[in-house]
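The values are calculated or read from the model by the stated rules, or taken from the named source; none is laboratory data. Since we're looking at a predicted model, the values are computed, not measured. Ideal geometry is used to build each Cβ from the backbone, glycine not excepted, and the neighbour counts take in all protein chains shown.
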């Protein structure tokens with residue numbers, strides 16, 4: 001089963017990586033961020049929106065405060081600055097939530113209805129929390145590829161380089 005400390009580290013990692021990537025993306029002209037680059041969510045902007053969409057959907061399920069998210073293929077925010085502000089707010093909410101987790105909560109079942117196929121499922125909560133963090137990493141990997149193809153270097157993205165671990169070296 002998943003340990004609450006793991007969730008806290010992954011929430012920090014999520015915030016750190018999002019900050020790094022949004023800093024790079026802020027320097028890219030809006031038209032270039034929104035250009036269809038053949039990615040699963042077409043563009044850099046589309047991928048950033050999807051990441052936020054997934055985080056909000058899962059966090060809402062976990063906290064029993066569902067976020068009103070549009071259909072999966074719709075953008076949450078057209079404006080990059082609004083998207084960035086929403087990302088920062090959501091990252092803080094994920095950090096705050098992760099600090100409340102207990103082994104008991106992670107061990108219980110959670111019922112949810114998928115936004116992909118509208119089916120209701122019940123799975124162990126720890127599996128769904130693992131999915132939250134895995135989903136973030138998966139799509140940030142797509143984003144770093146798009147950025148690299150454009151000549152932007154996202155730098156080191158590996159977990160051991162999370163700033164909290166650098167002070168321990």
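Below is a table of values for the structure above.
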{"read-out": "Residue that is surrounded by fewer than 13 Cβ atoms within 10 Å (Cβ to Cβ) and free of Cβ contacts under 8 Å to residues at least 40 places away in the same chain, where the choices are 38, 60, 46", "value": "38"}
{"read-out": "Of residues in the stretch 121-136 being free of Cβ contacts under 8 Å to residues at least 12 places away in the same chain and in a helix (DSSP H, G or I), the one nearest to residue 49 (Cα to Cα)", "value": "134"}
{"read-out": "Breaking point among (1) under 16 Å from the mean Cα position of the chain (by Cα); (2) assigned to a helix (DSSP H, G or I); (3) in contact (Cβ under 8 Å) with a residue 24 or more places away in the chain, for residue 147", "value": "(1)"}
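Here's the yes/no breakdown for (1) surrounded by 17 or more Cβ atoms within 10 Å (Cβ to Cβ); (2) modelled with pLDDT of 95 or more:
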{"residue": "29", "(1), (2)": "no, yes"}
{"residue": "34", "(1), (2)": "yes, yes"}
{"residue": "65", "(1), (2)": "no, no"}
{"residue": "73", "(1), (2)": "no, no"}
{"residue": "83", "(1), (2)": "yes, yes"}
